[in-house]
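Report on one structure; see the data block that follows.
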Amino acid sequence: MLSQTSNVVELECSACGKKYDAGTEQHLCTCGKPLLARYDLRRAAATLMVENLKSRPRTLWRYAEVLPNDPPVSLGEGMTPLVHAKRLGASMRCQSGNLEWLYVKDEGLNPTGSFKARGMTAAVTRAKQLGARALAAPTAGNAGGALAAYAAAAGLPAVIVMPADTPSANVMECQAFGAKVVKLNGLISDCGKYVAEHKDAEGWYDVSTLKEPYRVEGKKTMGYELWEQFDGKLPDVILYPTGGGVGLIAMCKAFDEMQEMGWIGAERPRMVAVQAEGCAPIVRAWEAHQKSAQFFPNAATIASGLRVPGPLGDTLVLSMLRQTNGTALTVTDEEILHAGRELASLEGIFAAPEGAATVIAARKLAASGWIKPDEKVVLFNTGTGYKYSEVWQRALQSA
Ligand SMILES: Cc1ncc(COP(=O)(O)O)c(C=O)c1O
Ligand SMILES: [Zn+2]
């Protein structure tokens with residue numbers, strides 16, 4: 001059921017364009033690809049204006065016109081700080097000067113300490129409205145914690161399926177939120193299979209990455225916030241730690257919507273997918289000029305959120321990198337450990353390893369001349385370091 005005032009018109013397959021009713025529960029297209037929510041943007045633009053935004057609550061629900069219009073299941077997510085990282089920027093050498101306009105969008109300040117809260121507030125809100133009885137998802141860690149928290153806030157049971165070696169903080173938070181935790185000896189891809197195999201018999205509403213349309217909707221608000229925080233402009237470059245790639249897909253969707261609403265022109269930030277050397281399906285495909293990615297064998301990295309060997313949104317991510325003149329590159333675990341310490345000691349940001357990965361990537365792209373000293377560059381720290389005590393112990397031992 002869709003509220004009468006909802007601007008969501010329909011759901012559309014991201015690959016074949018087939019249309020679906022947004023008023024009932026939908027997951028993947030019959031062709032197997034993700035569905036995206038489409039809005040009446042003319043109607044949205046009539047009230048989604050800077051003057052109106054000023055008086056709205058400082059959560060992502062301030063962008064109500066471009067979100068599902070149901071009573072939000074909210075824990076205060078979004079509107080995270082955009083920190084001007086002056087000292088870190090000054091330490092990055094470009095070919096003609098140092099980086100002056102380097103920013104960190106610190107998603108670690110979201111409820112449950114990661115940007116996964118954004119996707120889950122939207123997905124759980126919609127699932128509850130559609131009458132879901134129990135929610136389930138595979139996770140590399142943070143998405144599970146976020147789902148468990150929002151399910152608790154919605155008064156719904158949740159089942160979280162995770163690799164047995166997921167960081168202990170993620171296991172504890174899920175248990176604390178009252179979710180059922182299933183640990184498997186395998187990767188997130190194996191956990192995804194488990195949910196797919198059990199969901200019908202158990203009556204679970206599948207909230208897996210890109211297998212329902214609204215996690216993207218919540219995450220796209222990162223793009224809207226950048227626009228608002230940069231006073232109606234977008235940065236030149238965005239570096240995003242890419243596992244499933246949902247945040248990257250979602251921000252590009254936000255930019256397309258902004259263009260349709262007349263907020264921006266055809267220009268786009270150059271999107272950079274940062275992956276770990278030990279799990280880099282998108283980077284391998286990018287380097288080989290392929291349109292889709294191969295399953296990455298024996299995936300292993302300390303950045304657990306980047307351990308996604310077979311991302312469902314591979315073709316979308318790759319096409320967005322191409323369309324925005326972006327790029328993709330890897331960093332090693334050793335580099336991540338070092339970069340985490342730099343970000344912490346130079347800027348006071350205690351980052352997740354996934355966020356730290358973007359620091360190395362920016363440094364490499366500045367040195368190669370791909371990033372120019374006068375460009376506005378945003379690094380996404382997608383999670384808090386406080387949930388990664390195992391990784392931080394290693395980082396500090398190697399200091
Ligand atoms: C901290 C962190 N960063 C990045 C990612 C990757 O996110 P995405 O699926 O949007 O690429 C994850 C996913 O688990 C994560 O937990
Ligand atoms: Zn399709």
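The values are calculated or read from the model by the stated rules, or taken from the named source; none is laboratory data. Values in this document were obtained by computation on a predicted structure and should not be read as measured data. In this analysis, Cβ positions are derived from the backbone assuming ideal geometry, glycine residues included, and neighbour counts consider all displayed protein chains. Note: areas computed on protein heavy atoms with side chains; ligands, DNA, RNA excluded. Shrake-Rupley method; radii C 1.70, N 1.55, O 1.52, S 1.80 Å.
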Test result for residue 248, within 21 Å of residue 189 (Cβ to Cβ) and in a helix (DSSP H, G or I): yes
Go through (1) of a type in the set (A, V, I, L, M, F, W, C); (2) open to solvent by 10 Å² or more (accessible area, probe 1.4 Å); (3) away from ligand 1 (no atom under 14 Å from the Cβ) and name the single condition residue 187 misses. (3)
Within the group 90, 64, 46, 37, which residue is open to solvent by less than 20 Å² (accessible area, probe 1.4 Å) and among the aliphatic types (A, V, I, L, M)? 37
Quick check: anything in region 302-311 open to solvent by 10 Å² or more (accessible area, probe 1.4 Å), modelled with pLDDT under 95, hydrophobic (A, V, I, L, M, F, W, C) and within 16 Å of ligand 2 (Cβ to nearest atom)? no
So, of the residues in region 376-399 that are away from ligand 1 (no atom under 16 Å from the Cβ) and in contact with a strand residue (DSSP E or B) (Cβ under 6 Å, 6 or more places away or on another chain), which turns out to be most open to solvent (accessible area, probe 1.4 Å)? 376
Can you find, within region 111-131, the residue that is farthest from ligand 2 (Cβ to nearest atom) among those that are surrounded by 24 or more Cβ atoms within 10 Å (Cβ to Cβ), polar (S, T, N, Q) and assigned to a helix (DSSP H, G or I)? 112
From the list 59, 5, which one is more than 16 Å from ligand 2 (Cβ to nearest atom) and open to solvent by 40 Å² or more (accessible area, probe 1.4 Å)? 5
Take residue 285 and decide whether it is part of a loop (DSSP other than H, G, I, E, B) and more than 23 Å from residue 60 (Cα to Cα). no
Any chance you could count how many residues in region 1-58 are more than 16 Å from ligand 1 (Cβ to nearest atom), within 18 Å of residue 260 (Cα to Cα) and outside any loop (DSSP other than H, G, I, E, B)? 16
Scan of region 132-142 for residues that are open to solvent by 10 Å² or more (accessible area, probe 1.4 Å) and either without any contact (Cβ under 8 Å) to a residue 60 or more places away in the chain or assigned to a helix (DSSP H, G or I) (or both), ordered by number: 142
Residue count, region 195-226 (criterion: farther than 13 Å from residue 143 by Cβ, without any contact (Cβ under 8 Å) to a residue 60 or more places away in the chain and open to solvent by less than 10 Å² (accessible area, probe 1.4 Å)): 1
Subset of region 73-85 [more than 18 Å from the chain's Cα centre (by Cα), surrounded by fewer than 23 Cβ atoms within 10 Å (Cβ to Cβ) and either of a type outside the set (Val, Ile, Thr) or assigned to a loop (DSSP other than H, G, I, E, B) (or both)]: 84
Please work out if residue 361 is crowded, with 24+ Cβ neighbours inside 10 Å and either under 18 Å from the mean Cα position of the chain (by Cα) or within 26 Å of residue 110 (Cα to Cα) (or both). yes
Across (1) touching a residue at least 60 places away in the same chain (Cβ under 8 Å); (2) over 16 Å from residue 132 (Cβ atoms); (3) in a helix (DSSP H, G or I), residue 166 clears everything bar (3)
